[in-house]
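Written below as C-alpha cells is the structure these notes are about.
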Amino acid sequence: MSTHTYTEIETPVDGGTLHAGVWEPAGAPAAAPTVVAIHGITATHRAWAWLVPELPGVRVVAPDLRGRGRSNALPGPYGMARHADDVAALAAAVGARDVVVAGHSMGGFVAVVLAHRHPALVRALVLVDGGLPLSLPAGLDADAAMAAVLGPAAERLAMTFPDPGAYRSFWQRHPAFTAWGEDVGEYFDYDLEPVDGVFRSSARLEAMTGDQRELFTGESLLPALDALAVPTTFLRAPYGLLAGDPLYAPADVTAWAERLPSLRWHEVPEVNHYTVVMSPEGAAAVARELTAALEDDAPPEAAAPRPAGVRARQD
C-alpha cells in the first residue's frame, strides 16, 4: 500500500513558473505536517523519492530549483537568495507554514539562506552533506576548487545521449551507484530532456556555474549562518561525489558546530554524497532527523487550500 499520493505542480515565481513535486500522505488529516525538501546543484526533486516512504503521515514538498528539472526554463540570475525566495513562494502557494526543511548538497545552502530570509517559515533544518561552506584546499583559489570538485558535473551537463538507456548506462558505470535498481533508473529518466533528436540532462550549465561559487565563498550563506537561530542538524556522508574523499572533513564540521550553538552533527555510515539521500539506508537516516524535528514542541503547520495560481498535474 502506498504511503503517499504524488502530484506535480507549477507555482508562479519571478520570471515564470517553478515546478515541484508534492507527496500527500495517504489517509492523513488536512493538517499533516510538511517537510520542504531541496535538492542539490544538478539534481531534481525526484532525489527525495527514497525519503517519502520513510515519512508516513508527513507531506513532502520538493521543488525543481530554477535552472534544473522542469524549472530549467526559469531565467537567471541564480544564487542561494534567489532559490530561497523561489522556495518561499512555493511554500506559500501550498499553504505550508512552520515547516522543517531538508537540504541536500547545494540544497542545504538554500535551506540556510531560506531560514535567514524567511524566518517565519522555518522551524528547523536538516542539512544533508551540504549547507556549510566548502573548505578551499591549500594553494587553490575558489575557481580552481570549483573545477576540481564540480568539473565532472560540468562535463556531464555538456554531454548528449542517443536515448534514455544510454544515460542510464552512463550512471550505472558511476562509482557512486554500486547498487542499481529501477528506482535509480527512473530518477535519471526524469532528469533527461530531448534536444534536437538526442537527450541531455535537464540541468542548465549556466545555472550550475551561476551557483557554484557560493559553495566556497558563502556570499549569502555566511550572514545566514551567523544569524542561524533554528535547530539545525548536519548529516555528513563519509564518501564524496565519486565515492572517494568526502566533501566535508570531520574537523571542519566540528569547527562549525563549535561556532554555531544551534548546530549539531553526526555521520551517516557507509553512504556517499549521492546515496545519503538516494538509497533506503541514507533516506532512513535523514527521515529520523526530520521526524525528530517535526516532533519538537512547535505546533505543526496546517495546510491551507491551494491558491488558484498553483497548477497541479497528477503523475
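We did not get these values from a lab; they are worked out from the coordinates using the rules stated. Please read all numbers here as calculations on a predicted model, not as lab measurements. Here the Cβ is made from the backbone with ideal geometry for all residues, glycine too, and neighbour counts use every protein chain on show.
The residues neighbouring Arg82, those whose beta-carbon lies less than 10 Å from its own, together hold a net charge of -3 under the Lys/Arg +1, Asp/Glu -1 convention. Rounded to the nearest whole Hz, the Karplus-based 3J(HN,Hα) values (6.51 cos²θ - 1.76 cosθ + 1.60, θ = phi - 60°) of segment 153-169 follow the sequence 5, 4, 4, 5, 5, 8, 8, 10, 9, x, 6, x, x, 5, 5, 4, 4, with x at glycine and proline. Of the residues Tyr248, Gly218, Pro261, the one whose Cα sits farthest towards the positive end of the charge dipole of segment 214-267 is Pro261 (charges of +1 on Lys and Arg Cβ, -1 on Asp and Glu Cβ, taken about the Cα centre). Comparing Met80, Met159, Met278 in a Gaussian network model of the chain where C-alpha atoms under 10 Å apart are linked, the largest mean-square fluctuation is found at Met159. How would you classify segment 162-213 from its alpha-carbon gyration tensor, with a ≥ b ≥ c the square roots of the eigenvalues: rounded for a/c under 1.5, else prolate if a/b is greater than b/c, otherwise oblate? Judged from the Cα gyration tensor, segment 162-213 comes out oblate (a/c at least 1.5, b/c at or above a/b). Mean-square fluctuations from a GNM of the chain, with a 10 angstrom spring cutoff on Cα atoms, peak among Thr209, Thr34, Thr44 at Thr209.
Using the number of other C-beta atoms within 10 angstrom as an exposure proxy, rank His266, His118, His273 with the fewest first. Each step should come with its number before you reach the end.
Values: His266 12, His118 17, His273 26.
Sorted ascending by nearby Cβ count, the order is His266, His118, His273.
For the chain, what is the calculated [θ] at 222 nm in deg cm²/dmol (nearest 500), taking -39500 (n - 2.57) for each run of four or more DSSP H residues and dividing by its residue count?
Working: 10 runs with 104 residues, N = 315.
Calculated mean residue ellipticity at 222 nm is -10000 deg cm²/dmol.
Summarising the amide proton neighbourhood of Phe234: residues at separation of 5 or more, or on other chains, whose placed amide H is nearer than 5 Å comprise Leu127, Arg264, Trp265, His266.
Pulled fully out, how much extra length does the chain show between Ala31 and Thr254, if you take 0.36 nm times their separation in residues and subtract their Cα-Cα distance? Kindly include the intermediate steps, with their values, before the conclusion.
On the way: separation 223, 0.36 × 223 = 80.28 nm, distance 3.68 nm.
Taking 0.36 nm per residue and subtracting the Cα distance, the gain is 76.6 nm.
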